[in-house]
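Working notes for the structure below.
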Amino acid sequence: MKTTHYLLLLIGLLNLLTFTSCSDDDKNISTDVNIPITGYWQMASTSIETGADINGDGAVEGIVVHDDGTVSEWQYTQTTEDPFKLGYKTGTWTIDGNHYVMLLSKGNGKHYTVTVAGNNNEKMYLAYNGKTSVIPLYRLQHLPGDGDSMMEAMAQMKFTGIQMSDLAGYWELANNDVPNGDGNGIYIDEQGYISHIANYGGSDNDIIEYQSEEVSTTGGVLSFPYNGNTYLLYGVSKDVLLATLDGQKVEKFVRKDVPGELADLEEMTHANLQLSDLVGYWDKGNGSGVYIDEQGNVSDVSIVYSTNNYFSVDYHSGKISTSGKRFSFPFVSTNYSIFGIKGDILFATTDGHQVKKFTRKEVPDEVTRIEEIVNTKVPDKLLGSWGTIHHQRVYSDGDVSNDDITPSDSWSMQMYHKLIFYSNHVVNKYYNGSDYPNTYYFTVDGNKLTRGQSLNDLISSSIGSSQIFQIDFVSDTEMKITSKSGKASETYTYKKIQ
């Protein structure tokens, strides 16, 4: 049963009393207060088919007189998807001398008073401003449609004395189109902190704003933010929360199981993380991620889409640090603070509230290969500075040129350059007369030296991404390196610079 709740429901009862009244003398009716008035009442008929349509809108209307001295107003339209409109306990009733008296809402904090001018436990007449309505209310054993269960559910609601523990849990806004919620909601913890969760196409795409806001009090009423609006709390039961935006129409939130990721986040927030917990490759879910090694070095990893997709690695682009009591890491020039880890899920945030999910996956081959390169020791004899002393060129037609490189020969000095090899697989190349080097990365495998402008170039299969040299020999004082291109080759002889 779909129901719209109202803090105020101005049904046709006041119109009925105002426009269909005559003097009390016109009716021979009893005001016996010993005849109970509690129960369900409907205007002018005992059946929904012949009920009075006072407003001409296809709806029948009535009241519920509760045992606790309150009165609810209801309206039922059989043909609509949202048949019930309910003003729950918007009025009160008492006994004043020999009359039942009802105080019913007119809105804006105002009320009007009616008396029970007659009641025989089956039919009841109400009087307003000294005049009695000619149209009675008839007692019903049951409300139309699913009204009985609706009232029973409302009876389970808590409207006063609401504690934060009553609100604690995960709630989704429900309406006629999504009676069980639409996958977006709020989580309220027992301290009153609110986390928002938005779902885009499945749980793997959940966006969580963790503890971004709090339950507060507005005009003496508990309130909470949702979807950019402030809702005033009306009532809560085990499975339903009612709240209003405008002070009249009440919207329904349904309690649901806490989404798995949010539950994990609650559990992991205070986890005592160690650096070893972070080691591995963490995928962001869009073809990019971070690799964290045992020393806390961070490498950005991004996918390159081509004929054969591959990963590009920005090796050791950052370092794990401590932000407050949390570990943090850089990723794509943004600093992420880690909430915690559970199994293969890591949650982190850039602003303290919106939570990003990373999933632990197999380390990409590109990262493994780069790790192998940088962890391979550079041969000791190669380390240091080398200057060219001879150049030989073999042309594709077999011709050969040889030039000794000496400072006194300006022609040969055009071929002069200096190489400085470092243990971190970086080599700087200085051309003659330049104080600014070209910086490359290199790796040595046997007598093969591979050079590229980045570590990615050293492992790439793309043509032209790296250059291969043959180490003809290397000693403590001299080295000869050859590069080939088809039948042509170029050989440099270097002398160690002390």
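Numbers at a glance
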quantity: Dipole magnitude of segment 164-263, debye to nearest 20 (Cβ charges: Lys/Arg +1, Asp/Glu -1, about Cα centre); calculated: 360 debye
quantity: Mean-position separation - Cα centroids, segment 98-154 and segment 307-360, in angstrom; calculated: 63 Å
quantity: Vicinal HN-Hα couplings computed from phi for segment 173-190 (Karplus, 6.51 cos²θ - 1.76 cosθ + 1.60; Hz; Gly/Pro x); calculated: 5, 10, 8, 4, 6, 10, x, 10, x, 10, x, 10, x, 10, 10, 10, 8, 6
quantity: In segment 296-328, trypsin sites (Lys or Arg not before Pro) in a DSSP loop with at most 15 other beta-carbon atoms within 10 Å; calculated: Lys325
quantity: Residue-wise HN-Hα coupling along segment 141-153, computed from phi with Karplus coefficients 6.51, -1.76, 1.60 (Hz; x: Gly, Pro); calculated: 7, 9, 6, x, x, 9, x, 4, 5, 4, 5, 5, 5
quantity: Distance from segment 361-387 to segment 239-262 (C-alpha centre basis), Å; calculated: 57 Å
quantity: Size of electric dipole in segment 218-338: Cβ of Lys, Arg +1 and of Asp, Glu -1, about Cα centre, debye, nearest 20; calculated: 440 debye
quantity: Cα pair distances in segment 164-263, grouped into 10 Å bins until the bin that holds the longest one, percent each; calculated: 16, 53, 28, 3
quantity: Viscosity 1.002 mPa s, 20 °C: Kirkwood-radius Stokes-Einstein D of segment 269-372 over Cα pairs, µm²/s; calculated: 155 µm²/s
quantity: Which label in (i) 34, 25, 23; (ii) 38, 34, 19; (iii) 87, 20, 16 gives the computed semi-axes √(5λ) of the Cα gyration tensor in Å; calculated: (iii)
quantity: Under Karplus coefficients 6.51, -1.76 and 1.60, residue-wise ³J(HN,Hα) of segment 450-455 in Hz, glycine/proline x; calculated: 10, 10, x, 7, 8, 5
quantity: Qualifying lysines (Cα of each under 21 Å from Cα of Lys256; at least 8 residues distant if same chain); calculated: Lys2, Lys158, Lys238
quantity: Helix-only mean residue ellipticity at 222 nm for the chain, each DSSP H run of n ≥ 4 adding -39500 (n - 2.57), per residue, nearest 500; calculated: -2500 deg cm²/dmol
quantity: For Asp32, distant residues with modelled amide H under 5 Å away; calculated: Asn119
quantity: Three-way shape label, segment 380-497, alpha-carbon gyration tensor, a/c 1.5; calculated: oblate
quantity: The chain, relative contact order [Cα under 8 Å, separation at least 6], %; calculated: 8 percent
quantity: Ratio of Rg to Rh over segment 440-489 (Cα coordinates, Kirkwood Rh, two decimals); calculated: 1.00
quantity: Gyration tensor (alpha-carbon) shape descriptor, segment 394-450, a/c threshold 1.5; calculated: oblate
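Just so you know, all these numbers are worked out from the coordinates, no wet-lab data involved. All values reported here derive from a predicted model rather than from experimental measurement. Quick reminder, even Gly has a Cβ in these numbers, built from the backbone with ideal geometry, and neighbours come from all protein chains shown.
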